[in-house]
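These notes are about the structure you will find just below.
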Amino acid sequence: MQEDKTVIRKTQSVCPACLAKIEALIVERENNVYMDKRCGAHGAFSLLLSRHPQYYKGLNDFYFPLMRKSLSQHDYIVHLTNRCELDCPICLADANLRETEDYPLENLKEFLKDKRGYKIDLMGAEPAMRDDLPKIIKSIKDSGNIAALHTNGIRIADYGYLKNLKKAGLHEVHLQFDGFDDYVYEKIRGKKLLDIKQKVLNNLERLDIATDLVATIVRDLNEKEMARILHFGVKCRFVKEIFFLGCRFLGKAKELPIEGCIMPDELIDILEKDTHGKISRQNVFNFQKLYFALLAAFSIRKCFYIQHFMVARNKNDYTPIDEILDLEGIQTKLEKFKKLKLKNSKLALPYLLSFLALRSINSKGLFWLREFLSYGLPFMRGFNLSRLPGRSILLGFISACDAYSLDYEIAKNCGKGAISAELGIQDTGAIDNVLRDRLMAGERENQR
């Protein structure tokens with residue numbers, strides 16, 4: 001780490017070996033962006049964050065002034081169980097490796113008291129292993145909150161079961177969907193699953209349940225599936241989001257070399273290449289600044305690592321948002337919004353919404369104005385996928401923070417909290433990941 005470098009930002013992280021909290025630097029070096037850190041006991045570590053310094057620094061300089069304080073958390077992962085039907089070689093949740101109590105429904109009911117519009121992400125390992133899942137969903141719905149199921153899809157391949165979950169109040173499903181090749185499923189999930197995934201998709205469409213396709217991308221295995229998943233998703237109106245999750249150094253995936261993990265920045269490169277530039281990094285940059293502005297305007301927490309883009313469905317395929325809204329043309333307006341926001345001006349939000357409305361009218365007419373503004377309700381009342389408009393689809397290039405990538409400055413506005421029987425209520429999911437890692441390391445040490 002002796003090369004010439006420029007410090008972009010100072011932060012704190014943890015040592016990947018002992019998980020002790022240590023100082024870290026975000027630096028530009030050799031035309032790349034890295035997180036550099038050193039543990040007194042285990043030496044130096046460096047993680048490649050981006051091969052595009054101007055991209056990274058431009059978003060860094062926009063995001064952190066707007067998110068200079070930690071905002072209230074309104075989205076919580078609930079680890080309902082450690083059980084799962086699968087034994088995925090890359091499982092980030094360490095499924096089936098320890099005997100952990102299921103999270104009690106009564107505890108969740110207590111947590112939900114006096115809360116409205118919160119998103120409750122039901123996770124496991126596999127939440128559908130819980131026989132009382134319909135009751136859990138009903139409790140969330142009855143409390144005025146959003147029930148989001150994250151699943152491998154095996155149980156909801158049963159149409160009647162999924163229908164009961166919807167009747168109980170299920171708002172949305174986040175389906176583990178790694179592509180259209182059973183070889184991929186065998187490698188990263190341990191068995192062929194494509195037939196099951198197709199049954200699940202048919203059920204979700206039949207019941208018109210808002211769906212997010214979540215593809216875990218493993219280096220040198222299923223990167224080519226990203227464009228295929230995109231082309232499939234835009235043809236299915238029940239699919240409201242597609243998130244590409246780079247495999248991270250968590251759970252069973254820690255048996256892989258760290259070089260096999262992928263940060264969101266690289267996922268953008270892959271999709272740009274495989275769409276022949278139809279989805280371009282420059283337009284992702286321009287859209288991401290708009291997205292950060294909306295988050296700041298509505299005081300919503302969101303991780304800096306997570307990048308977004310939007311496309312509109314058309315008869316044959318999709319149209320990138322930059323062909324509908326002049327993203328390049330609004331960049332100076334976004335900078336003015338930032339100045340107003342930093343002055344705590346009450347004009348910041350009206351200014352942002354007014355120039356978006358004017359740009360929408362000038363570009364593609366009142367239909368798209370209505371489409372864009374319909375995203376305002378989810379921002380204000382909890383990001384419920386079932387309320388999102390049908391003509392557009394949100395793309396995400398996402399990460400799960402691990403001991404290499406954890407950045408405390410980013411974590412303070414982590415978009416998800418976490419709740420579990422082992423660790424209780426954590427306001428920040430990124431910290432919860434590291435605490436869970438520490439817990440597992442202790443259990444492994446005790447088993448020796």
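The values are calculated or read from the model by the stated rules, or taken from the named source; none is laboratory data. As the structure is a prediction and not an experimental result, all values here were calculated from the model. Using ideal geometry, Cβ is built from the backbone for each residue, glycine included, and neighbour counts are taken over all protein chains shown.
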Filter segment 248-269 for residues that are β-branched (Val, Ile, Thr) and over 14 Å from His308 (Cα atoms); the one that is surrounded by the fewest Cβ atoms within 10 Å (Cβ to Cβ) is Ile258
Testing Lys37 on (1) in a loop (DSSP other than H, G, I, E, B); (2) in contact with a Phe, Trp or Tyr (Cβ under 8 Å, 6 or more places away or on another chain), one condition comes back false. Which one is that? (1)
Top-ranked residue of segment 126-146 - restricted to ones that are in contact with a strand residue (DSSP E or B) (Cβ under 6 Å, 6 or more places away or on another chain) and either of a type outside the set (Gly, Ala, Ser) or over 21 Å from Asn202 (Cβ atoms) (or both), ranked as surrounded by the fewest Cβ atoms within 10 Å (Cβ to Cβ): Lys141
Here are some residues: Glu186, Glu205, Glu241. Which one is more than 23 Å from Cys84 (Cα to Cα) and more than 18 Å from the chain's Cα centre (by Cα)? Glu205
Kindly establish whether Lys37 is crowded, with 21+ Cβ neighbours inside 10 Å, of a type in the set (Lys, Arg), out of contact with any Lys or Arg (no Cβ under 8 Å at 6 or more places or on another chain) and more than 30 Å from Lys343 (Cα to Cα). yes
Inside segment 197-220, can you point out the residues that are in contact with a strand residue (DSSP E or B) (Cβ under 8 Å, 6 or more places away or on another chain) and either part of a strand (DSSP E or B) or at pLDDT below 95 (or both)? Ala210, Thr211, Asp212, Leu213, Val214, Ala215, Thr216, Ile217
So the check is Cβ under 6 Å with 6+ separation or different chains; which pairs have a first residue in segment 250-261 that's over 15 Å from Asp437 (Cβ atoms) and a second one that's among the charged types (D, E, K, R)? Gly260/Arg219
Thr11 being in a loop (DSSP other than H, G, I, E, B) and either out of contact with any Asp or Glu (no Cβ under 7 Å at 6 or more places or on another chain) or surrounded by 15 or more Cβ atoms within 10 Å (Cβ to Cβ) (or both): no
Does segment 89-102 contain any residue that is within 30 Å of Ala297 (Cβ to Cβ) and surrounded by 16 or more Cβ atoms within 10 Å (Cβ to Cβ)? no
Looking at His276, His308 in this structure, which one is of a type outside the set (S, T, N, Q) and either assigned to a strand (DSSP E or B) or crowded, with 21+ Cβ neighbours inside 10 Å (or both)? His308
Could you grab the pairs with beta carbons closer than 8 Å, sequence gap of 6+ or different chains, first residue in segment 179-207 and more than 23 Å from Lys252 (Cβ to Cβ), second one basic (Lys, Arg) and surrounded by 15 or more Cβ atoms within 10 Å (Cβ to Cβ)? Phe180/Arg228; Leu207/Lys163; Leu207/Lys166
Does Glu85 satisfy the criteria of being touching an Asp or Glu at 6+ places or on another chain (Cβ under 7 Å), surrounded by 22 or more Cβ atoms within 10 Å (Cβ to Cβ) and under 24 Å from Asp182 (Cβ atoms)? no
What is the residue count in segment 288-305 for residues that are touching a strand residue (DSSP E or B) at 6+ places or on another chain (Cβ under 6 Å) and at pLDDT below 95? 1
